[in-house]
Amino acid sequence: MASRETPEQIMRTRTVTAEAILGNRADLRGYPYRLLCVVVQRGIGGDQVTQAVAAAEVLEAYGWELVTVSEFASSRIVYAILRRR
């Protein structure tokens, strides 16, 4: 099982993994910023996008809305940018 992402780590990097969100291992209650980046590093193409969107849907229940999803081919990482409503 992956380790829990600490609130301090999430605040410092302004990122959280989709794996942590989907596995209920991330605490965003004290997150002070309006924008957040959900990162997917595992999987390939469509699977990564699916994970990013699934994590965004989970966060929707907590006042976040999806702004965009981007994949950077050189790094093979998918980013979902969310904004707090």
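The values are calculated or read from the model by the stated rules, or taken from the named source; none is laboratory data. As the structure is a computational prediction, the values presented were derived from the model and not from experiment. We place every Cβ from the backbone using ideal geometry, glycine too, and count neighbours over all the protein chains shown. These area figures cover heavy atoms from the full protein model, side chains too; ligands, DNA and RNA do not enter into them. Shrake-Rupley method; radii C 1.70, N 1.55, O 1.52, S 1.80 Å.
With protein chains left intact and a 1.4 Å probe, residues in the chain average 64 Å² of accessible area per residue. The simple spin-label model puts a point 7 Å past each Cα toward its Cβ; for R76 and Y62 those points are separated by 2.9 nm. Of the trypsin sites (Lys or Arg not before Pro) found in the range 1-49, those in coil by DSSP whose Cβ has at most 16 other Cβ atoms within 10 Å are R4, R14, R25, R29, R34, R42. Counted residue by residue at 0.36 nm each, then reduced by the alpha carbon distance between them, the extension gain from R84 to Q9 reaches 25.1 nm. For Rg/Rh (Cα atoms, Kirkwood Rh), the candidate list reads [x] 1.10; [y] 0.97; [z] 0.93; the entry that matches the value derived from this model is [z].
The distance between label points at C37 and L22 comes to 2.0 nm (points 7 Å beyond Cα on the Cα→Cβ vector).
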